1. Could you state the angle between the C-alpha long axis of helix 54-74 and the longest principal axis of the C-alpha atoms of the chain, as a value from 0 to 90 degrees rounded to the nearest 10?
2. Binning every alpha carbon pair distance of the range 1-76 at 5 Å from zero, what are the percents per bin?
3. Dividing the convex hull volume of the alpha carbon atoms of the range 245-320 by its residue count, what do you get in Å³ per residue?
4. Relative to the present Cα-Cα distance, how much length would full extension add between residue 127 and residue 248 at 0.36 nm per residue of separation?
5. In this model, which of 89/175; 54/230; 151/199; 89/151; 57/257 are farther than 29 Å apart at the alpha-carbon?
6. How large is log10 of I(q)/I(0) for the range 124-280 at q = 0.11, 0.13, 0.18, 0.19 Å⁻¹ when the intensity is taken from the Debye formula with one equal scatterer per alpha-carbon?
7. Based on the Kirkwood radius over alpha-carbon pairs, what is the Stokes-Einstein translational diffusion coefficient of the range 18-136 at 4 °C with 1.567 mPa s viscosity, in µm²/s?
8. Springs between alpha-carbon atoms under 10 Å, Gaussian network over the chain: tell me which of 34, 131, 267 tops the mean-square fluctuations.
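None of the figures in this text is laboratory data; all of them are computed from the coordinates on show. None of these values were measured; they are calculated from a predicted model. Ideal geometry is used to build each Cβ from the backbone, glycine not excepted, and the neighbour counts take in all protein chains shown.
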Amino acid sequence: MISDQKRSILLIGPEIAAVSGVSTHLRQIMQSSLGEQCDLSQFQIGSEGRAQSKLQKLRRLASDPFRLWGVLSDKRIDLVHINSSLDHKAYWRDIVFLFIAKLARVEIIFQLHGGQSPEEFSRGSGVLSRLMGRIFSLADYFVVLTSRELKNYARLISPGKLYQIPNCIDQTISKHLPSKSFSPGLIHFAYIGRLVSTKGIFEIADGLKLAKQAGLTGFELHVAGDGPDKNTWLSYVSDCGLASELVYHGSVSGDQKNGFWQKAEVLLLPSYSEGLPYSVLEALAFGVPVVATDVGGIPDAIEHGVHGLIIEPRNAEALASAISELAGNIEQLDTMSTACRSRAEEEYSISTLVNSFSPMYLGARK
């Protein structure tokens, strides 16, 4: 007799309502058809969505492994999906969860959402790198976002356990919008995300300043987000002579966020490091060409000259050149915008995400 009982999946990650890439990923899975095919629940970790003192954080970190063991002991869980990143804080916290799930004899997906490369993390030590690979290989499935990560981990993890599954986005709103209409009289550059220096926000100010000094006119910079460098950056933008061009929206979500993307015409994201940022995928879906750096999974999503322009990190001059090139070529923007929307529909839809995880969630790969 074949049981029709749903498989029970426990997703480990931050608060799903929090503003973060991993939270978005969890929310997409739980709201997708996977939630109908499986019994999904969440084990919340991390600081996102919580207001806790340092003492409360320490207590939570100390108690989380015991709470997880309790959940796995009390409930029938078939698979644990651990969502992590390769930085020291997340690594040491999440491999504990990996060991606990292994002891509980449940299937395990260990998914990395960016962070350092294995070589950077192990500081060039081959021994530590191989040890890390053996620990990660305790999982039944090891999932990365980008082709660069796939190549890096292919040296450490067997092909049968290693998978590349990129972030995807809900295109319910964007796919029904008309094509963008670019005008040579006014171009709207955009940035959305955390206001922190490693996102290249100071290079954005420098790049626009240089482009303006070289003759760029008729533009606005629309910015949405918040972060620790917000006040310093806003002051810096003013010092660069861009106060009259800046439109600061604060944090946006829902209809406000959709409206932001409908207004945006070129996304600027000169980050120092990335996984596969949702801002890039959202830009593609809304037909917004992208100027971004050659880091993480950005080259997987953006082909230089087709969906935007790829530049090197920490280079305001290169950013200024890219800004000037696109601002002066409306026909190129039109062509790129069409290519962006096609790219999103073909490669980064929620159905792609569901199809990629379904065999793992339903047990078809075991």
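1. For 54-74 against the chain, the angle is about 50 degrees.
2. Per 5 Å bin, starting at 0, the Cα pair percentages come out as 3, 14, 21, 19, 19, 13, 6, 3, 1, 1, 0.
3. 103 Å³
4. Working it through step by step, the gained length comes to 38.8 nm.
5. 89/175; 57/257
6. -0.61, -0.77, -1.07, -1.14
7. 82 µm²/s
8. The residue that fluctuates most here is 131.
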